[in-house]
1. Expressed in nm to one decimal, what extension gain is obtained for the pair residue 289 and residue 386 from 0.36 nm per residue of sequence separation less their Cα-Cα distance?
2. Could you order peptides 297-307, 169-179 by the average number of other Cβ atoms within 10 Å of their residues, highest first?
3. Taking 0.36 nm per intervening residue step and subtracting the Cα-Cα distance, what contour gain separates residue 12 from residue 394 on full extension?
4. So, in nm, how far is label residue 353 from label residue 2 when the simple model puts each one 7 Å beyond its Cα toward the Cβ?
5. Arrange 308, 412 by Cβ neighbour counts within 10 Å, fewest through most, would you?
6. May I ask you to compute the full-extension gain from residue 90 to residue 107, defined as 0.36 nm times their residue separation minus their alpha-carbon distance, rounded to one decimal in nm?
């Protein structure tokens, strides 16, 4: 049996959520390939191997050489040997999936096609399986660029009509996809994983990393695209409230409902006065308003936008953060929440179904529609060391329930049910 995989997302240099999902999942699937299966990874091109002697399996390579793997593309997989192979489908310009991949499906179709995002090629095998990461755009179309919104809707409709199985990362997303019109038994929940070997091996590196752009600063970290959907504008409003809470005469402090004793405690030496907010992610839809708000609220010295960061830098930032915050209006899973819990960083996140599902009782939840609630959530965590310790303990315990090997095993069960 031949499984074809659209691996185009996994080889992207600047990976975000879907790309990292593809990368880690495919690497784990390679290790767990069932007998009798051969796998073709379809890609538009292959960049040079970043490591001169990549080891065949991820865990061993991580322990011996974390930075090349984290910054690399092909490290950790077999290449054109064994039962996995790359198949380069060259294409000029946009439309690789619907053009070149469709052509390949017509000429030499595999028995099963797996697409780790919901963009299925127009021509595809009868048994095509795809992953739908979220359908937030159905409930909140105003949070999306009109062109992107149209693409998302078309992709979902095509998946609902033609995918044999649709994998989703959470029960919350399954409910949304079923409401959108999925067939009985079409949707299967397979949660994302977390790479504990990576997290553990990078702890020492991260803590000794002197190249952090906010060295010696106390900060909370947001990781993700700087866009409306992620509610970064609400986070900026909340952060202004938090900074203002140190001033007993500032009206914003009253809005935070902070007691007089707390205000006196903060004073000019407040723990929030030197606090920074680090935004690690590329600019997305609505970012102009977000950048303008930083200027309007005079937060240039408090908010640091790094743009997209590579995996090693992300882990270094995460390990030195006081907390991770994810105030999104909608998520399909919330991978940064799981990764932060795995390495022992307190998490503040939106009180929405998917993040509740992932974070459980280990996360401080806030109302994403209320900047006061977000500010209060940050304040509650940063002020209470006992709460932080409890969150870290519960977070690590919860993260142990997830792994990319488990995700890969369950994905294989969908592809070739026993």
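Bear in mind that the values in this text are calculations on the coordinates, not laboratory data. All values derive from a computational prediction rather than experimental measurement. FYI the Cβ positions are ideal-geometry reconstructions off the backbone, even for glycines, and counts take in every protein chain you see.
1. Values: separation 97, 0.36 × 97 = 34.92 nm, distance 3.69 nm.
Once the chain is fully extended between residue 289 and residue 386, it gains 31.2 nm.
2. Details: 297-307: 15.5, 169-179: 19.7.
Ranking, from highest mean packing down: 169-179, 297-307.
3. Working: separation 382, 0.36 × 382 = 137.52 nm, distance 3.36 nm.
Taking 0.36 nm per residue and subtracting the Cα distance, the gain is 134.2 nm.
4. It is 4.0 nm.
5. If I rank by nearby Cβ atoms, fewest first, I get 308, 412.
6. Numbers: separation 17, 0.36 × 17 = 6.12 nm, distance 1.47 nm.
Gain in length upon complete extension: 4.6 nm.
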